[in-house]
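Below you'll find the structure, written out as structure tokens, and then a few comments.
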There are 2 protein chains.
Amino acid sequence: MTAAKGSRLQSRSFVSAQQVAERAGVSRSAVSRTFTDGASVSEATRKKVLEAAEALGYHVNHLARGLISDRSNIVSLVVTDIATPYQSKMIEVLTRRLQLANKVAMVINTSGETDSVESALRQTLHYRADATIVLSGQPKASLIETCLNNGQHVILVNREELVPGPETVIVANRAAAREAFHMLRRAGCERLAVVASDVGSASVSGRERAFVEAAKEAGMEVRVTRFGPTAYASGAEIARLLLSRSDRPDGVFCVTDLLACGFMDAARNEFGLNIPEELCVVGFDDIEQAGWSSYELTTFRQPIDQIATHIVSQIDHQPDSRIVHEPVRFQADPVWRKSVRPK
Amino acid sequence: MTAAKGSRLQSRSFVSAQQVAERAGVSRSAVSRTFTDGASVSEATRKKVLEAAEALGYHVNHLARGLISDRSNIVSLVVTDIATPYQSKMIEVLTRRLQLANKVAMVINTSGETDSVESALRQTLHYRADATIVLSGQPKASLIETCLNNGQHVILVNREELVPGPETVIVANRAAAREAFHMLRRAGCERLAVVASDVGSASVSGRERAFVEAAKEAGMEVRVTRFGPTAYASGAEIARLLLSRSDRPDGVFCVTDLLACGFMDAARNEFGLNIPEELCVVGFDDIEQAGWSSYELTTFRQPIDQIATHIVSQIDHQPDSRIVHEPVRFQADPVWRKSVRPK
DNA sequence: GACGCGTTTGCACACCTGTGCAAAACAAAC
DNA sequence: GTTTGTTTTGCACAGGTGTGCAAACGCGTC
């Protein structure tokens, strides 16, 4: 530790295995083997090497290791709207799980303009990532195709392409959205509405469709409103649209908790409505804010921990890129709070 | 594009510059130079190379490039509580800015146990990151010391160590906290309190101290309460402690918006208090939720964009590791909303 | 001491790139 | 056609690592 102090002067001078070998009086191979699991080194040399490494401040160069071993231990996370409660939670859990699996996360932000997205996504190829996890609905299918063509292991989350190659993980949007309908019905709601964004990602439109379908089966009409990005402000804006009408809805399914928060705030603070007495609201995702006492939102919990665990366990499996993988489904269970009347 | 389809079968077979060279009928150097800015290649060969590269699906291997050029173009983001609104926003902005500068972000989650933190932080050395940006208050100074010893370029955000080497970026907590005091005073508040966590990071305790100091100068007492992590639930819990007393405060400075949201919710929903009529609240950070109509929180805005821009501009500068860098300060301006009575 | 066997070690090659250097190609001027 | 100057090209090396292979070693047995 103290011996390394001197290297502070000429910075960016990393220690190589060669230097460790010289100090320890062994060959460079011995050093390499000491830091490779399952390699054959005697206890004596191992000890000498570790001492020298500690003294010099040696750290295996993973760039070089990845170059030769075809495993960079880097996993790309491709994600839009990073600052969103849902996505940031996902990143939180995934990074932690990846670290436990001795991997490291590279975050690719795809929020910007399309061409910058493309160049960003290319990083996953540049750095020979072990896998690419697509959390974003945004990137065009063609870009994912590019990754696949280069032998990338792609894992899609909440997308619904049916192309050969990528594995897919989705939550059971359909079942949950249908249940949302019945929750509102049992609460006695007569005039139903769906609040959605016009982003058109698979999860958003999937939930919307399933809810409408369930209503139709029960012989009910549903007003669907799509507006803006999937955000708080859009939910508030839709509330203004919907609640100023004389036949305003008394039961609302927001395809996202963020939309629900905006909707509830506008309903209460701008229209003076009581929730759940005059208006029932169901959300989706169970973000942290859904549990805040200003909302107490009844919603569906995405099992983020399970999803992350599954994803990380899949990374090292070599997928067959010729077949279409059946999506792995996770159930989203309802979380009862206070935005829906108990039946 | 179509030619690459065949490579889908034997996966993880990346194309090398050698293969491109052979297909284009040039030397490998020509390929390398084509993808290196400012290298000398004739227009004719450049075109041949680009065609061959496109056909084969070639992508420069940044692991190998980083190995030789001593620039990995990887920047580590060391961060705790990733899912927090403030931190996730920071990550959002930083990743975007980094990508514009042709760098890529590696996210190191330091929320877990201490030893896992250590191994995670070591990744920044393993991958020879160009710089390490420490957004977290958590990691022990000794770990940062390790990075510095290995010639890492370390940039600290909102920490207040005074060690030689790392550059530091901080917001002017002191000035803002003092202004918070005067805002509450001008609103006529008589019984002041500070709501803080017991995490003890530099920003949290710095704001707390400056507020108390300003009060003392004005001859006023302040009740300081520290509890739990810096989170919504802690704010609510502190509200229960503080507001159940007969001499409850009528003016509160929460060192974080998240604490403020929890405090406000408990004050209103559990104690029936009106804000700002009976209780004024000032926060810090200006997270998204501060602008939601359930809160309308008067707070101080951290200039995240400016901070991120500055940080990214510093990355390529080679810092002098022997001197103590004067911290770069950013001003946090007040954002007036409705949680403080207008004077 | 000779032999046999299992473990450890060093050599040398491979991985994929950037770049200095000298040779080659080219363009221009006479 | 020769000379001069400029641009382009290929060779060969460097960068730090993992690993197959054969040699060396250690050790127990006859």
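If DNA, RNA and ligands are ignored and the probe is 1.4 Å, what is the ranking of B:60, B:78 by accessible area, most exposed first? List each step's numbers first, then the result.
Working: B:60 20, B:78 0 Å².
Result, largest first: B:60, B:78.
Remark: accessible area buried at the A-B interface is about 7300 Å², both chains counted, probe radius 1.4 Å.
Computed with every protein chain present, the accessible area of residue B:250 is close to 20 Å² [probe 1.4 Å]. Kirkwood radius for segment A:173-302, taken over all pairs of different Cα atoms as the inverse mean of 1/r, rounds to 14.0 Å.
I'd like the carbon and sulfur percentage of the solvent accessible area for chain A, probe radius 1.4 Å, heavy atoms only, ligands and nucleic acids excluded. Numbers along the way, then the final one.
Working: 6880 of 14170 Å².
That fraction is 49 percent.
Where nothing but the Cβ of Lys and Arg (+1) and of Asp and Glu (-1) is charged, how large is the charge dipole of the protein assembly as shown around its Cα centre, in debye to the nearest 20?
1140
Computed over segment B:212-259, the convex hull of the alpha-carbon atoms projects to a mean area of 3.6 nm².
Measuring with a 1.4 angstrom probe and ignoring ligands and nucleic acids, residue A:338 comes out at about 130 Å² accessible. If you bin all the Cα-Cα distances of segment A:114-221 at 10 Å, starting from zero, the percentages per bin are 13, 36, 24, 17, 9, 1. Look at the alpha carbon pairs under 8 Å that are at least 6 residues apart: their mean separation over the length of chain B gives a relative contact order of 15 percent. Think of chain B as a dipole: +1 on every Lys or Arg Cβ, -1 on every Asp or Glu Cβ, centred on the Cα centre; then among B:204, B:30, B:85, B:30 lies furthest on the positive end.
In summary, segment A:10-60 shows an alpha-carbon radius of gyration equal to 1.07 times the 2.2 N^0.38 Å reference for compact globular proteins. Calculated on the Cα set of the protein assembly as shown, radius of gyration then Dmax: 27.6, 87 Å.
When the Cα convex hull of segment A:132-192 is projected onto planes of every orientation, the mean area is 5.3 nm².
Solvent-accessible surface of protein heavy atoms, probed at 1.4 angstrom with all chains present, puts B:311, B:323 in the order B:323, B:311, largest first.
Using only the alpha carbon atoms of chain A, find the Kirkwood hydrodynamic radius as the inverse mean reciprocal pair distance, in angstroms to one decimal. Spell out each step's value before the answer.
Details: mean 1/r = 0.0436 Å⁻¹.
Hydrodynamic radius (Kirkwood, Cα only) of chain A equals 22.9 Å.
Using a probe of 1.4 angstrom and keeping all protein chains present, the accessible surface of the protein assembly as shown works out to 41 square angstrom per residue.
Heads up, I need the accessible area for residue B:243: 1.4 angstrom probe, whole protein in place, Å², nearest 10. Residue B:243 has an accessible surface of roughly 10 Å² with all protein chains in place. In vacuum, with every alpha carbon of segment A:240-340 counted as one equal point scatterer, what does the Debye formula give for log10 I(q)/I(0) at q = 0.12, 0.17, 0.20 Å⁻¹? Two decimals, please. These q points yield log10 I(q)/I(0) values of -0.51, -0.76, -0.94. Considering only beta bridges that DSSP places wholly inside the protein assembly as shown, some 10 percent are antiparallel.
The values are calculated or read from the model by the stated rules, or taken from the named source; none is laboratory data. The model shown is predicted, which means the values in this text are computed figures rather than measured ones. Here Cβ is always computed from backbone atoms with ideal geometry, including for glycine, and neighbour counts include all displayed protein chains. Just the protein is used for accessible areas: all its heavy atoms, side chains included, with ligands, DNA and RNA removed. Shrake-Rupley method; radii C 1.70, N 1.55, O 1.52, S 1.80 Å.
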